[in-house]
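Take a look at the structure below.
The values are calculated or read from the model by the stated rules, or taken from the named source; none is laboratory data. Given the structure is predicted, the values throughout are model-derived calculations rather than measurements. Positions of Cβ are generated from backbone atoms using ideal geometry, with glycine treated the same way; all protein chains shown enter the neighbour counts.
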Amino acid sequence: MRSPARYGWIAGALVGTLAMAPLGAQTSSAELTAEQRRLLDAREQVFVTRDSAKTPWPMAWAYQFIDATPEVAAAVFADAERQVDYVPDLKSSRVTRTIAPGVIEVVQEMRVPIVKDEWWEVRDTVSAREDGSYRITWSLVRARTTKSVTGYAHFEPYRNALTGRDGTLLTYHNFAVPGSRMAGIGPIERHALKKLRETARALRDQVERERSEEPDLLAKQLAALKEMVRKP
């Protein structure tokens, strides 16, 4: 089973209508405003930021409606070695160790503008919750220059009020403290936020494509996810 690609200033994806506002760490649909829900139901992105004293750029959260169940969406995202097929600028992804069911370590490399490409090793934890949601969290083990990385992808049941379809609300968050002294310059900050948005979009598109076009692959990913979240 693979781990997801993410990572703050070098993470990936989502283009759509941008709704930026200072917010805390939203994690569920209950914390969304009526306008944010309207954007999600129209398949637009909700993107919020909050200034941080710990990094040159703000903390950010991307929200996206996915037309698939939380289990399906989480299964696709957890298959990190296939993310090179759809995550922007991801060069490689390799699972190096399985620590326990649902806990793995993965090494990834990402193209980064201006400064050198970055590689890192992170520890991922995959969990299922009684409300039908799934959560994948990660933290940094080591990296070429990045000082710290923490983040999560949260997949919860969500009904699209516009279409009446049950699907998933994706909440994607990554917070990194880069080691490069050039990280605070404008072009790199803009690239970081753009990539965060793009990753959410790429994940949505990949989930929906696999659901309609690659049922055999999706079945394998679902089986792998069930193994990761099984209770001893």
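Kindly provide the set of residues from the stretch 84-110 that are closer than 19 Å to residue 137 by Cα, touching a Lys or Arg at 6+ places or on another chain (Cβ under 8 Å), without any contact (Cβ under 8 Å) to a residue 24 or more places away in the chain and not charged (D, E, K, R), ordered by number. Residues satisfying the conditions are 103, 107. Within the stretch 180-226, the set of residues being among the charged types (D, E, K, R), surrounded by fewer than 17 Cβ atoms within 10 Å (Cβ to Cβ), in a helix (DSSP H, G or I) and at pLDDT 95 or above comprises 205, 209, 213, 216, 220, 226.
Looking only at the stretch 41-55, which residues are assigned to a loop (DSSP other than H, G, I, E, B), farther than 13 Å from residue 204 by Cβ and not acidic (Asp, Glu)? Give the steps one after another, and end with the answer.
If we filter the stretch 41-55 for residues that are assigned to a loop (DSSP other than H, G, I, E, B), which is where we start, we get 42-45, 51-55.
If we keep only those that are farther than 13 Å from residue 204 by Cβ as well, we get 42, 51-55.
Scanning the stretch 41-55 gives 42, 52, 53, 54, 55.
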